[in-house]
Amino acid sequence: MEQNDLRKWLVPIIFAAIILTAASIWMKPKPTEPEEESLKIGVVMWGHHDEGLWDPAAANAVLRLEEKYDLEITWAEEIVLTELESLLETLADTNDVVYLTTDEFEEACKTVAPKYSDVYWVQQYESKEISPDHFPDNVVVMNAYQANELSFWAGAIAAKITKTDKLGIVQAIPGPRDTRIMSAAFRSGAQHVNEDIETFRVVIGGYVDPIKTRDSVASLAEAGCDVVFVGMDDESGTLEAKERGIYSIQEYTDIASQYPDTIIGCTSWVWDVSLDRILDAIVNDRFDTFRAEHHEIPLTLEDRSLDIPTFGNMVPDDVKEFAEDLREQIIEGAVEILMIEEW
Amino acid sequence: MRESEPEQRTWSGETPSGTVDTTENENILEMRNIAKAFPGVVANDHIDFDLRAGEIHSILGENGAGKTTLMNILYGLYRMDEGEILINGKQVSIESPRDAVSLGISMIHQFFTLVPGLPVIENVILGQEPTKGPFLDLKRAEKEVLELEGRFNLEVDLQAKPEQLTVGQKQKVEILKALYQGAKILVMDEPTSVLMPHEKEELMKTLRQMTAEGALSIIFITHKLPEAIAASDRITILRKGRKVDTVEAGKVNQKTLARKMVGREVLFRIAKSETEKGGKALEVRGLKAIDDTGKQTLKGVSLYVLEGEILGIAGVSGNGQEELVDVIMGLRPATAGEVLVKGRDTTNSSPGKIRGLGVGYIPEDRLGRGILSDMSLGENLVLGAHKKRPFAHRWLLPFENRWFTNQDQIHDHADSLIVEYGIDAPSPGKRARKLSGGNIQKLILAREFSMDFNILIADKPTSGLDVGSQEHIRRKLLEERERGKAILLISEDLDEITMMSDRIAVMYEGRIVSIVPVEETTKEEIGKMITGATRKEHPAVA
Amino acid sequence: MIPEAIISILSFFPVIGLAALGGFLSQKSGVWNLALEGMMAFGTFSGVFAYHYLGQSIWISLLFGFCTGFLWGILLSVLCVRFSLDQIVVGFGLWFITEGMAGYLYYTVLPSVRITKTMGPRILSLDPIFYLTLLSFALLYVVMRYTKQGLAVVATGENPKAADAAGINVHRVRFVCTALGSAFVGLAGSYLSLVILQGFTYKMVAGYGWTAFALILFGRWTTPGILFGSLFFTFLVGIQTRMQVAGIQFIPPEFVVVLPHIGVILALSLAGAVGKKAGMPATLGVHYERE
Amino acid sequence: MKWDPKLNPDEQQTRPLKDLIRSSLFIAATLLLTVSMIFFVSSLSLGLGFAEILGLFLSSSIGSFHSVLRTLARTTPILMSTLGLLVAFRSGVWNIGGEGQIVVGVVATTGICLFLDLPPFLTVLLALIASFLAGGAYAALAGFLRAKWDVNEVVVTMMQNFIALALLQYLIDGPWNWGVGLYPRTAMIPLETRLPFIISPLNSVFLIALILVYAIHVLLNKTVLGYEMRVMGDNQKVAFIHGIDTTFLTMLAMLVSGGICGLAGSGLVLGHFFRAQAGISGNYGFYAIAAAFIAGNRAALVPLSSLLIAFIYEGTLGLTALGLPHRLCEAIVGVIFIVVLLPKELGWLMGGQKDDT
């Protein structure tokens, strides 16, 4: 660097910096009255709490319980794995509960949680049943390993709705077992209703890619599907479905109210049922006993933590009734659902 | 970029100023005591120059005489320090090429400025495009250009791309461009140096035609006497930044011109001691090569250099010296002939190998080929020897290797050389690019001399340097000669050549015109030969 | 079925097309624009931003995205053309800044926005922007080919010395081209957020900016080449999904986006191997100063 | 088609200390300016106090011993890849494919650790070597194209980045996928193949990085090879005239450069994540370019510059707990990146004329 110019410029820059700093320090932060009884919870998510479909599922759960437990929520959003551990430590310093909204974070949770034993950790989990010592003692797991039943159910409903006997599936990424399980369960649900239903699948190769998603839904529509089951993290699939005048089923979060004429229903993962129990245990100081008997709380169709909350306008009542019956049957195990891993 | 157009129209148009050739004052251009100095050298020393309407006016002089500088000033590429420029008696200020063009001055550089990928027609109209609405009016442009072509028989295929054209055609395109820009004054810098003989004839004809109607005047920069005399009406001779004389082309012969051009004043000679000559250190037989444009510029050169002698190659640049040096150094493939270094054939072998045999090289392009501008003097000075002891050492490793550089050695080496060669630098850590031209040349000399070569190729070692460093460098060269080294000295400065060389080889148009011992010749004779005035077939030197 | 498929494929052509077009314009005048991806990202943000704050009009928002792109372009050209900083480095810096700023600003100054309006009149169920893109390609072709401005741009990119000697203001030409090009890139971005996704998601550009960059090189710096290149790519994506529907997996979905990149490397190496000019503007990335 | 990157050389003799102090002051001032501006905006929009934000920024980057360790851990990959790029830059080759070479290294390491059952020591050794070779070969390809056919290496390396990323994505989605959960990632590598922590989270890879700093410094400034590299970086013509085989040297420089980036990737797997997963390379390859230029291409200063970037990275990371997006980091780094290029031109801004040396 040319030193003389440098010297010439140090002064003004430093001045500007100082002035700005002073100005910013000058303006007071909003008075935040400290309520000591409020429970501080830090929510870690890889997207944003008001965006997409996966994260809002967890976020809404927390928000619904906000009044009940007088929560003070901190959103830690858009977290990449490279940053996770540092972040968890920062959160654990300031919060009573840390809520990890995907099992992608499990490793970090395992490493960090033991260091902060006075903090309660809630870990979302999707894949399979786990043993009590899979996680440290201060971690409770909310496990959605039965989600394939939900997909099965949705598939059956879709099969009732469809006129062309052709169903489309948009799967985010090819690899992980669970994404395949969802698709497979959806198909078998459909075939449970009607043997000769055709199902088509498109794999995107990422959870967010509006361009390809829309294109795939379009191509499925061209192939004659009139119901598409979209496992993406954005709504572009439903948008396209709306344009094509076909029906869609979105996963994870209930956004049916926004597209009443397009979305048959959303296979929602309602976390607040389980979260409610955990928080209740925490505020009543019986976390340890609770943890002792529930190291993991499965999401089930039974307590409606796996559910299709609202049906679209296009769903006739008989189908709704059918859905109810089928749900009962699944819960009783009258219909046994295979864990099909391969597409 | 359009604002130049109206002025240019009025200039070529029928406003009073346009009536050029009828006014009794015929000088459409006058340059009054133009002075321009570059650091270390005075390029133009109060030069007067005038140009009549419809004449071809040659500016004659050796390279470095200041011709090009003068014209660059006229064309707005340089700002003059003193002096004034009048066009039709009106004083004008020329800040940029754009101003020059708008005043009707166009310049055709030695190296053409054509846009590759654009067809000829668009190259011609570039900057002066005729438009119909928002679009180019290529039809009109074509009509006009064709009309120009017809008038001055400059036939070029308008749809061809520049890369498909020969050098001569490219030049025609350049001329067309100038004409299309409405040039009244056309400056041509060494136009013939790139042309084949028959193309030259053509060019001459064209120039005659263009000036015949008196609408166009041409300034013709050259260093070739016959052309100057053949082509032009008047000739202005420059030497070392001064104007020597302006003469009517008809009234002079080449002899007088040559004398005027190279000068006659005696300057002190460095005492050259007699050295006993050894065997042939460097020999070149029937060497042929082509330049970057694919033109054959080296047409069978044969010469040899003995140990302990300096062979000076006189000649104006562009006559094949660059290619000769490149081929000897292995930077350019030879199409024919062979190069022998100490009897060993090194034709088309890598530069590293050739240097390994002890060939030193002082390039003409110092910044581009000579130094590492962003590295320290020390690192510059060891370049080439960096693999040898003591600069490379085995460090702590037990076995013999040359992996690690020895900073202290490099530093001391640099220190001693800086003192020895009087390089003006505070410390070896200084960056080379911060040095002045003279010091850079000293740096290169120091590097080449410090590694023991027995053959040195010195390509214009003193050009563009101030007198002090020139003397210094010449002394060094002579010292090396006395140590029995063979030195091939390429230079355009006849004084230098005659002063330094034992024998002088004159190069003209890619051939050795003659090789004579310095005692048997005079500067005038050489001056004539380098300008092609006398075509003596050169004796069969083995 | 067939025309329908083609239409649905074409409907996201503008994103790639506009971005490639913008980058092409600045490269033609001799300035790398390595910040394509970032500028697109910022375009996505500014589109949503304008939609939220400037009265919910798609058209105005697109215009706003265009303008922000223009501003970034001005910054780029000031740094590269006026200050003669290295274009590669500046490109990277701007990429960082724009992408960072887009994400940062969106989540600080905006609530989550959902675009409810849709694009204006549709012709053959393709929205105006599509035709606008084709139009601007045609326009660019004509300008480059048949106007003196186009001549000036080409001359500037190929041989600034000649252009300067012919009285063309090299710096001004580069300035305008870079700024305008970046504006198109911004437009592409805001189209992505406003029409394709109808909302904003982080990382929604998903590498398409660099794909556009690759397509410029793949099209060998000619307007038709780039047009067909981007069309080809769009169809590639479309066909790949349709093959999947048909149950054929002829290439993993992850690789579709980088096919142009591979193509570029092959094309350039081939051009180099046969010693042919790749058609790259001669002084691309080289700063010009009169001596 | 080709152009020489403008690189500041080491000026061993010109008061390096004063120079260093001055430039670091300059950078610090810039950092302060940028940060305070951005925080100003944030405090307006989020209603948070500036002091609060700055406090969290500092505490999460250098606030405690632990956070310092974290910052150092963050420095490791950036430092390594920066050193890698440095070699290429000083040889006058634009290797901006650091990201891609990191990813290739990750792939090589993971592959070996997962699918080869050798004694652990051998596995690790093999993994390191393999990642070096993989990254090196990947870069050397670009070097070859540049040296042989004069193909613009900027474009090639840039494109290689995304090709490599796609490859990783494909592997962790499909063939190598763990088969558990919703997310693309491979299984964990065996315990005994993981490199030990000095103090968690600071892994022993950091030591490798430090050794590399010295190694590269020696290579560039103390060895004949490095000398030739710098000669070539300064003036390829002169290098050729003086008998340096530029073709070979270009490829060699790229090999070393890419190889070290590959090592960085290997370090990420062996010392931090113990698996390959999406976004593992975390843009370190791109941050490295910034780091190299902030360090003025001097090996000795690279640790400082990468530390600076890690510092910003961790600081902004702390802010995500306030709901500020982590994209902040990119923005700040970008600004510094450009500003450190400016000083030669700032004179012009000030109204003085810019000096061109």
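The values are calculated or read from the model by the stated rules, or taken from the named source; none is laboratory data. All of these numbers come straight from a predicted model, not from anything done at the bench. Because the Cβ atoms are built from the backbone with ideal geometry, glycine has one as well, and the counts that use them run over all protein chains shown.
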Which one of these does B:ASP99 not meet: (1) in a helix (DSSP H, G or I); (2) buried (at least 22 other Cβ atoms within 10 Å of the Cβ)?
-> (2)
Could you check, for segment C:206-217, whether at least one of its residues is touching a residue at least 12 places away in the same chain (Cβ under 8 Å), surrounded by 24 or more Cβ atoms within 10 Å (Cβ to Cβ) and more than 16 Å from the chain's Cα centre (by Cα)?
-> no
Unmet requirement for B:GLN441, which otherwise passes all of (1) under 20 Å from D:GLN236 (Cα atoms); (2) within 28 Å of the chain's Cα centre (by Cα); (3) surrounded by 20 or more Cβ atoms within 10 Å (Cβ to Cβ); (4) within 13 Å of chain D (Cβ to nearest Cβ) = (4)
Residue check, C:GLY199 in contact with a strand residue (DSSP E or B) (Cβ under 8 Å, 6 or more places away or on another chain) and either surrounded by fewer than 23 Cβ atoms within 10 Å (Cβ to Cβ) or not basic (Lys, Arg) (or both) = yes
Please work out which residue is farthest from C:PRO252 (Cα to Cα), limiting yourself to segment A:160-184 and to residues that are within 14 Å of chain D (Cβ to nearest Cβ) and among the β-branched types (Val, Ile, Thr).
-> A:ILE181
Every residue from segment D:261-291 that is part of a helix (DSSP H, G or I) and within 12 Å of chain A (Cβ to nearest Cβ) = D:LEU268, D:HIS272, D:PHE273, D:TYR284, D:TYR287
Quick check: is even one residue across segment C:229-242 within 14 Å of chain D (Cβ to nearest Cβ), over 23 Å from C:LEU134 (Cβ atoms), touching a residue at least 12 places away in the same chain (Cβ under 8 Å) and touching a Phe, Trp or Tyr at 6+ places or on another chain (Cβ under 7 Å)?
-> no
Residues of segment A:103-130 being in a loop (DSSP other than H, G, I, E, B) and either under 21 Å from A:GLY47 (Cβ atoms) or touching a His at 6+ places or on another chain (Cβ under 8 Å) (or both), which ones?
-> A:GLU126, A:SER127, A:ILE130
Could we say that B:ILE440 is farther than 30 Å from B:GLU283 by Cβ, assigned to a helix (DSSP H, G or I), hydrophobic (A, V, I, L, M, F, W, C) and not assigned by TED's automatic domain parsing to the domain that holds B:LYS280 here?
-> yes
Flagged in segment B:373-382 as crowded, with 24+ Cβ neighbours inside 10 Å and in contact with a Leu (Cβ under 7 Å, 6 or more places away or on another chain), in numbering order, are B:LEU377, B:GLU379, B:ASN380, B:LEU381
So which residues in segment C:123-162 are under 15 Å from C:VAL286 (Cβ atoms) and more than 7 Å from chain B (Cβ to nearest Cβ), if there are any at all?
-> C:THR156, C:GLY157, C:PRO160
Mind checking which residues of segment A:50-102 are in a loop (DSSP other than H, G, I, E, B), more than 8 Å from chain D (Cβ to nearest Cβ), crowded, with 21+ Cβ neighbours inside 10 Å and within 16 Å of the chain's Cα centre (by Cα)?
-> A:GLU51, A:GLY52, A:LEU53, A:THR101
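Condition check ((1) away from chain C (no Cβ under 14 Å); (2) without any contact (Cβ under 8 Å) to a residue 12 or more places away in the chain) across all residues:
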{"residue": "A:TYR207", "(1), (2)": "no, no"}
{"residue": "A:SER216", "(1), (2)": "no, no"}
{"residue": "A:GLY245", "(1), (2)": "no, yes"}
{"residue": "A:SER257", "(1), (2)": "no, no"}
{"residue": "A:ILE263", "(1), (2)": "yes, no"}
{"residue": "A:ASN284", "(1), (2)": "yes, yes"}
{"residue": "A:LEU301", "(1), (2)": "yes, no"}
{"residue": "A:LEU306", "(1), (2)": "yes, no"}
Would you check which residues across segment B:150-173 are surrounded by fewer than 19 Cβ atoms within 10 Å (Cβ to Cβ) and closer than 15 Å to B:ARG208 by Cα and list them?
-> B:GLY150, B:ARG151, B:ASN153
Candidates B:LEU136, B:LEU70, B:LEU77, filtered to the one that is at pLDDT below 85, surrounded by 19 or more Cβ atoms within 10 Å (Cβ to Cβ) and closer than 19 Å to C:ALA165 by Cβ = B:LEU77
Hey, can you tell me all the residues within segment B:155-180 that are assigned to a loop (DSSP other than H, G, I, E, B) and of a type outside the set (Asp, Glu)?
-> B:VAL156, B:LEU158, B:GLN159, B:ALA160, B:LYS161, B:LEU165, B:THR166
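Results for (1) assigned to a helix (DSSP H, G or I); (2) without any contact (Cβ under 8 Å) to a residue 24 or more places away in the chain; (3) of a type in the set (Val, Ile, Thr); (4) on the phi > 0 side of the Ramachandran plot, shown as yes or no for each residue.
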position: A:VAL170; (1), (2), (3), (4): no, no, yes, no
position: A:ARG180; (1), (2), (3), (4): yes, no, no, no
position: A:SER183; (1), (2), (3), (4): yes, no, no, no
position: A:ARG187; (1), (2), (3), (4): yes, no, no, no
position: A:GLN191; (1), (2), (3), (4): yes, no, no, no
position: A:ASP196; (1), (2), (3), (4): no, no, no, no
position: A:PHE200; (1), (2), (3), (4): no, no, no, no
position: A:LYS212; (1), (2), (3), (4): yes, yes, no, no
Sort out for me the helices (runs of 4 or more DSSP H) sitting completely within segment C:76-192 that have 2 or more residues that are among the β-branched types (Val, Ile, Thr).
-> C:87-109, C:128-146, C:148-158, C:170-191
Which residue, of C:VAL173, C:VAL256, is more than 27 Å from A:ALA221 (Cβ to Cβ) and of a type in the set (A, V, I, L, M, F, W, C)?
-> C:VAL173
Selection count where residues are facing chain D (nearest Cβ under 7 Å) and in contact with a helix residue (DSSP H, G or I) (Cβ under 6 Å, 6 or more places away or on another chain), scope segment C:263-273 | 5
Only listed residue being within 22 Å of C:VAL286 (Cα to Cα) and either buried (at least 24 other Cβ atoms within 10 Å of the Cβ) or away from chain D (no Cβ under 14 Å) (or both), chosen from C:TRP95, C:TRP32 = C:TRP95
Which ones in segment D:241-251 are assigned to a helix (DSSP H, G or I) and surrounded by 20 or more Cβ atoms within 10 Å (Cβ to Cβ)?
-> D:ILE241, D:LEU249, D:THR250, D:MET251
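Conditions tested, residue by residue: (1) crowded, with 22+ Cβ neighbours inside 10 Å; (2) farther than 25 Å from A:ASP133 by Cβ; (3) modelled with pLDDT of 85 or more.
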residue: A:GLU222; (1), (2), (3): no, yes, yes
residue: A:VAL228; (1), (2), (3): yes, yes, yes
residue: A:GLY231; (1), (2), (3): yes, yes, yes
residue: A:LYS242; (1), (2), (3): no, yes, yes
residue: A:THR253; (1), (2), (3): yes, yes, yes
residue: A:THR262; (1), (2), (3): yes, yes, yes
residue: A:THR267; (1), (2), (3): yes, yes, yes
residue: A:PHE287; (1), (2), (3): no, no, no
residue: A:ILE308; (1), (2), (3): yes, yes, yes
Yes/no for D:LEU133 being surrounded by fewer than 21 Cβ atoms within 10 Å (Cβ to Cβ) and under 18 Å from D:PHE248 (Cβ atoms) | yes
Being out of contact with any Ser or Thr (no Cβ under 8 Å at 6 or more places or on another chain) and not in a loop (DSSP other than H, G, I, E, B) is the filter; apply it to segment B:81-96 and report the residue that is surrounded by the most Cβ atoms within 10 Å (Cβ to Cβ).
-> B:ILE87
Give just the number: which of (1) surrounded by fewer than 20 Cβ atoms within 10 Å (Cβ to Cβ); (2) under 21 Å from B:ARG151 (Cβ atoms); (3) more than 22 Å from the chain's Cα centre (by Cα) does B:SER217 not satisfy?
-> (1)
